[in-house]
Structure formats: structure tokens, C-alpha cells
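Encoded as C-alpha cells, the structure appears first; notes follow it.
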Amino acid sequence: MSSAPPASVLFVCVHNAGRSQMAAGFLQHLAGDRVEVRSAGSVPGEQVNPAAVEAMKEVGVDIAGARPKVLTTEAVQASDYVITMGCGDACPVFPGKKYLDWALEDPAGKGVDAVRSIRDEIRTRVEALVAELDAQQGA
């Protein structure tokens, strides 16, 4: 019998093709099965940004198989944390959820050189999130 992960996190950006995919990749990589990870977009793109895939590959995190997904009310309801990255008013709000807004540059249309600094900022924020989740769970 498996138990549900102690926390769930939903990362949301407009296209679910860059920032939210990188954040989800880092959280999965750093927290493993201690956290349930989701990502979605208010207007999902056709594919994950190739520059984001390449930038993540450079630090040992593979998001090549990820696909943009549409933001659903159900995904928000099923998450303890909802972290937005520029989706604005498209994110539904429910009581009891912890909402964070990470102001991050959009990597859309940028090359891997420009995406690296965005990736590094996301990693720093995800590492702080993992520390917060671990502290809450007494890990």
C-alpha cells in the first residue's frame, strides 16, 4: 500500500514550456518522491522550449520528455502549493492553498545562453522551496 506524497506543488506559467517545466524538473530532481510535482499553463505551447531543455540537460536534469499541459481547476485543487510565473488572473484561487508568485523572465524566444540565468534563478528558488517543505515535514 503506497501513501500519497506529503506535499504537492503546481508550477504555472503561460505556455508551460519554459519556466514551469524547469521548476518542475528541478523539484522532481531535488525532492524525488517526497513531493508530488505538477506543471501547467494558462495557454500551453506546442512543445517545451528547446533552449530550456538544453539548459536543464547541462545541469543533469532531463525535461526532454515533458509536454505542455493546460491549467485545470482540478490541478489547482489537488495541490498544496501553487507557484505562478506570469499567468496573471488565469490561475483560480482556492482557500487553504499556499500561493507564491515568482517574478521570472520568460525564456520564450531566447537562446540557451540567456536561459541559463533564468534556470539558475529557478534552481535557487526551488532549493529554498525544498528546504521549506522539508522543515514543515520534519525531514
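The values are calculated or read from the model by the stated rules, or taken from the named source; none is laboratory data. The model shown is predicted, which means the values in this text are computed figures rather than measured ones. Don't worry about glycine lacking a Cβ; one is built from the backbone with ideal geometry, like all the others, and counts go over all protein chains shown. Please note that ligands, DNA and RNA were not included when accessible areas were found on the heavy atoms of the full protein model with its side chains. Shrake-Rupley method; radii C 1.70, N 1.55, O 1.52, S 1.80 Å.
The set of residues in region 94-114 being outside any loop (DSSP other than H, G, I, E, B) and either under 19 Å from residue 17 (Cβ atoms) or of a type in the set (D, E, K, R) (or both) consists of 98, 101, 112, 113, 114.
Quick check on residue 24: is it under 15 Å from the mean Cα position of the chain (by Cα), part of a helix (DSSP H, G or I) and either buried (at least 19 other Cβ atoms within 10 Å of the Cβ) or not hydrophobic (A, V, I, L, M, F, W, C) (or both)? Talk me through it step by step, then tell me what you get.
On the way: under 15 Å from the mean Cα position of the chain (by Cα): yes; part of a helix (DSSP H, G or I): yes; either buried (at least 19 other Cβ atoms within 10 Å of the Cβ) or not hydrophobic (A, V, I, L, M, F, W, C) (or both): yes.
Yes, satisfied.
All told, residue 99 meets the bar of being in contact (Cβ under 8 Å) with a residue 12 or more places away in the chain, open to solvent by 50 Å² or more (accessible area, probe 1.4 Å) and of a type in the set (Phe, Trp, Tyr).
For region 102-123, a residue qualifies if it is farther than 16 Å from residue 58 by Cα and open to solvent by 70 Å² or more (accessible area, probe 1.4 Å), and the qualifying residues are 103, 105, 109. Take the residues of region 1-21 that are more than 16 Å from residue 102 (Cα to Cα) and of a type in the set (S, T, N, Q): which is modelled with the highest pLDDT? This residue is 8. Selection within region 49-75: residues that are open to solvent by less than 80 Å² (accessible area, probe 1.4 Å), modelled with pLDDT under 95 and in a helix (DSSP H, G or I). The member of this set that is farthest from residue 121 (Cα to Cα) is 73.
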